[in-house]
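Visitor: Please find one structure pasted underneath; my questions will follow.
The values are calculated or read from the model by the stated rules, or taken from the named source; none is laboratory data. For clarity, every value in this text was computed on a predicted model and none was experimentally measured. Here Cβ is always computed from backbone atoms with ideal geometry, including for glycine, and neighbour counts include all displayed protein chains. Ligands, DNA and RNA are excluded from the accessible area calculation, which covers all protein heavy atoms including side chains. Shrake-Rupley method; radii C 1.70, N 1.55, O 1.52, S 1.80 Å.
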Amino acid sequence: MAVETERTRPTGKVGIIVIGYNDARHIKNAVLSALHQGPAVAEVVVVDDASTDDTATVLADLARRHPTVRVVRRTVNSGGCGTPRNDGLREATTPYVMFLDSDDELPPGAVDALLAAAVRHDAPVVAGACLRRELPEMRDTPWQHALFRRTAVHDSPAEFPELVRDTLCVNKLYSRAFLSQHDVSFPEGAFRYEDFVFTARMLAASPRIALIPDTVYLWHVRRSAAHPSISLARSGVDNWLSRLQAHRTAVEVFELAGQKQMAHAARVKFLDHDLRMYVHELGTHDSRHHAEWWRLTREHLASFDESDLRAAEAPARWLARVVTGADRPRDLARLIGLGSRPARLLPPYACVNGRPVWASNLPEVVLDSIESEPLSRLPVSIDAEPHIWEWPGALHITVHELYGRLAAADPKTLDIELRRRNDGRLGLTHNNVLKRHQGPDGLTWTAKALLNGLDRLAGQHAHRLDVWDVWARVRCADGSSLYTCVRATGSGLRRTVIPGRRHGVTLVQPYATAGGSLSLRIAAGPGAAAVVVTRRLRRLMRRNAG
């Protein structure tokens, strides 16, 4: 593969490798965020993976203006992210390197924080916190935040196997000599989820690794993009197959290195994270997808043993046992509920020989830990049927019993909370007394939660659309409580215009998320309906174009 390069001599210690393909719209901001890191950055190596848009022009202009920018132009597109990153590694000349994607950015001070930790702790690898930012909503979600609460140094990843949960390659600073010495590189070509394998190879080489709580990477998620990133392009079963292949390869890396504990941790991570995430989205696919997904997943899970299952969280463990215990898709609505976060277990609730099981015709899937987990961690199901057209609007709530655990705790009240999805801000809270009912389908508790004040959630900006997630907190007589999102049920999932003092009218649209949870879209003013209709038309056009 022929490449053209423009070289400059570095004076600092860190080289930032930026990769991009047909991303002229964003790559300039990515490169500038690298340049703005300061004198610690000696070079920014940008690999253009044979773009056919204006990317080359944008990069040529940046290289003319900034001597530290070097452009590597591939003449043939690689089909993935691994090859251009490897090209960048070969071109880099600095003691340390890090990676940056063309549609992401580095926050100010990221390189200084990583480099200071590398020097202070004599660590060839330093990892920092990453924010997953939904755009254009600007909603931030910390990536694997439990790993980055405080500074920590591990002489070897084997001391802290949970490191396998951070599969990103971009939130880390690496000693280039360490990567070269241990032949750590990315899979070449059209290999999806290449960072799974790169990270496994890095961890299998047993570096001294430091973790810092500083935010060092901004991972931009653009779900509305015409060409979504690999991690977001999950409409076909091929994406799941690619993820299985990447996970299988990563586990093999650990096993070949004799690191059985790390291989075990990688399998547990797959159950807790990957499996639940894709199960959560099964409701958006058709029956052919379900059948193929089920077959592939059963084959993959055949390599897992009982110790892997027992180490995973209960919802993931139950999911895996249902899939391996049935030769074709079944109980998808219940599985999707378990894949949600927090998990919910929908009825019916079967028992065999006094033990909770998934179903009477699948008694081998025992719902272990139901009887021992604290109430706050149980996958209790709470249904909410919206009646927004009533005045005032209301939610008809049903709390389902779960193998006697709620009855023993004696639920008394239920608080309904509306939280804005962008920032988690609490909007409305309504307290309700629960009524106990014993019916043919079992024991339940019900309440009618009024939603007066929805017009106040529309904010100050007319036509602006906000999404509010509906959560419930159940308080019991024994002092225990549980907090979970509610499930959308009934026929009330339709747009409703309600009167209000602040904006005249407010548009409220209850809807079910991919995992079945209830959320409300709320917009103010007479033009709100036009905004919502326009957005819906755009989504339909993108769907038809795809």
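Visitor: Which is farthest toward the positive dipole end of the chain among Val97, Ala512, Ala265, measuring Cα position about the Cα centre, with Cβ charges +1 (Lys, Arg) and -1 (Asp, Glu)?
Guide: Most positive-ward Cα: Ala512.
Visitor: For Met138, Met277, write out the residues from largest to smallest accessible area, computed with a 1.4 angstrom probe and no ligands counted.
Guide: So the residues, ranked largest to smallest area, are Met138, Met277.
Visitor: Enumerate the lysines that Lys435 could reach by cross-link, defined here as Cα to Cα under 28 Å, with residues fewer than 8 away along the same chain left out.
Guide: Of all the lysines, those that pass the test against Lys435 - Cα under 28 Å, at least 8 places apart if same chain - are Lys412, Lys448.
Visitor: Excluding ligands and nucleic acids, what accessible area in Å² is computed for Tyr403 using a 1.4 Å probe, to the nearest 10?
Guide: My reading of the accessible area for Tyr403 is about 50 Å².
Visitor: A follow-up question, please. Taking the Cα centre of the chain as the origin and placing charges on Cβ (Lys, Arg +1; Asp, Glu -1), which of Ala449, Val58, His121 is farthest toward the positive end of the dipole?
Guide: Positive-most Cα among the choices belongs to Ala449.
Visitor: Counting only DSSP beta bridges with both residues in the chain, tell me the antiparallel percent, nearest 5.
Guide: 75
Visitor: Go ahead and collect, in residue order, the members of the range 48-68 whose backbone nitrogen is under 14 Å from a label point 7 Å along the Cα-Cβ direction of Thr93.
Guide: 67-68
Visitor: Once Lys and Arg get +1 and Asp and Glu get -1 on their Cβ, which of Thr324, Val380, Gln438 lies farthest toward the positive end of the dipole of the range 324-475?
Guide: Farthest towards the positive pole: Val380.
Visitor: With +1 on each Lys and Arg Cβ and -1 on each Asp and Glu Cβ, how big is the dipole of the chain about its Cα centre, in debye rounded to the nearest 20?
Guide: Here the size comes out at about 1540 debye.
Visitor: I would also like to ask the following. Please work out the FRET efficiency for the pair Asn431 and Glu134, using the Cβ-Cβ distance as r and a Förster radius of 22 Å; give the result to the nearest 0.05.
Guide: That pair, Asn431 with Glu134, gives E of 0.10.
Visitor: Show me the ranking of peptides 152-158, 476-482 by mean Cβ neighbours inside 10 Å, starting with the highest.
Guide: Put in order of decreasing packing, that is 152-158, 476-482.
Visitor: Still on this structure, please answer the following. Could you compute how much accessible surface Phe198 exposes when probed at 1.4 Å, giving the result in Å² to the nearest 10?
Guide: Looks like 0 Å² after rounding.
Visitor: In what sequence, largest accessible area first, do Tyr349, Tyr21 appear using a 1.4 Å probe?
Guide: Largest accessible area first, the list is Tyr21, Tyr349.
Visitor: Here is a further query. Under unit Cβ charges (Lys, Arg +1; Asp, Glu -1), what dipole magnitude, rounded to 20 debye, does the range 123-228 have relative to its Cα centre?
Guide: That gives the range 123-228 a dipole magnitude of about 240 debye.
Visitor: So, one more: Roughly how many whole Å is it from the C-alpha centroid of the range 233-301 to that of the range 139-190?
Guide: Result: 20 Å between the Cα centres.
Visitor: When Lys and Arg each count +1 and Asp and Glu each count -1, what net charge do the other residues less than 15 Å away from Leu362, Cβ to Cβ, add up to?
Guide: My count for the surroundings of Leu362 gives +3.
Visitor: Separate question: Send over the per residue convex hull volume for the chain, Cα only, as a whole number of Å³.
Guide: Dividing the Cα hull volume of the chain by its residues yields 167 Å³.
Visitor: Under a point-charge model restricted to the Cβ atoms of Lys and Arg (+1) and Asp and Glu (-1), what is the dipole moment magnitude of the range 25-90 relative to its Cα centre, in debye to the nearest 20?
Guide: Rounded to the nearest 20 debye, it is 120 debye.
Visitor: If you roll a 1.4 angstrom probe over the protein chains with everything in place, what fraction of the accessible area of the range 115-208 belongs to carbon and sulfur, to the nearest %?
Guide: About 48 percent, which is the carbon plus sulfur part of the accessible surface.
Visitor: Straight-line reach from Lys260: which lysines have Cα under 16 Å away, leaving out those fewer than 8 places along the same chain?
Guide: Candidates past the 8-residue exclusion: Lys269.
Visitor: For Arg120 and Ala408, what does the FRET efficiency come to when R0 = 41 Å and r is the distance between their Cβ atoms, rounded to the nearest 0.05?
Guide: It comes out at approximately 0.20.
Visitor: While we're on this one: Please list His36, His145, His247 in order of solvent-accessible area, largest first, computed with a 1.4 Å probe with all protein chains present.
Guide: Largest accessible area first, the list is His36, His145, His247.
Visitor: For n ≥ 4 DSSP H runs only, could you compute -39500 (n - 2.57) per run for the chain, divide by its residues and tell me the 222 nm figure to the nearest 500?
Guide: Value at 222 nm, helices only, nearest 500: -8500 deg cm²/dmol.
Visitor: Let me ask something else about it. At a probe size of 1.4 Å, how large is the accessible area of Lys269, to the nearest 10 Å²?
Guide: Its heavy atoms expose roughly 10 Å² to the probe.
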